[in-house]
1. Restricting to the range 47-88, and then to whatever is among the β-branched types (Val, Ile, Thr) and under 19 Å from the mean Cα position of the chain (by Cα), can you tell me which residue is farthest from residue 37 (Cα to Cα)?
2. Just to be sure I understand the filter: pairs with C-beta atoms under 7 Å, separated by 6 or more residues or on different chains, first member in the range 61-84 and without any contact (Cβ under 8 Å) to a residue 24 or more places away in the chain, second member β-branched (Val, Ile, Thr) and surrounded by 14 or more Cβ atoms within 10 Å (Cβ to Cβ). Which pairs pass?
3. Could you grab the pairs with beta carbons closer than 6 Å, sequence gap of 6+ or different chains, first residue in the range 49-60 and touching a residue at least 24 places away in the same chain (Cβ under 8 Å), second one of a type in the set (S, T, N, Q)?
Amino acid sequence: MSTRRGESLAARVAATQERRQSPVSAEDRPPPTRHCWYDGPHGRQAALLLEWRRVGGAWNGRIAVAAPDTAGWVLVEMWVDGGMLAPGPQ
């Protein structure tokens, strides 16, 4: 069996599996997202809570939510006051 780049196919496959199984550091992981309810101008809507930040003495949440548009629906990402958010299904 011929080898390409000096390695056998088995050696290349083994090296690929080792890279896949290496642990991911905390910095490389995306932040956990959570389902939430957003009380906005279109009533209560399901949303994804992406992260929190503290502004002054209040908390804001960055969410992704569907919003009506002239062509249908669009996905909107925005910061909203924490008081407009409620826990969603777990």
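1. So, considering only residues that are among the β-branched types (Val, Ile, Thr) and under 19 Å from the mean Cα position of the chain (by Cα), the one farthest from residue 37 (Cα to Cα) is 74.
2. 76/65; 78/63
3. Final answer for the pair search is 50/33; 53/60.
Bear in mind these aren't lab numbers, they're just calculated from the coordinates by the rules spelled out. Everything numeric here is computed off the predicted structure, so don't read it as measured data. FYI the Cβ positions are ideal-geometry reconstructions off the backbone, even for glycines, and counts take in every protein chain you see.
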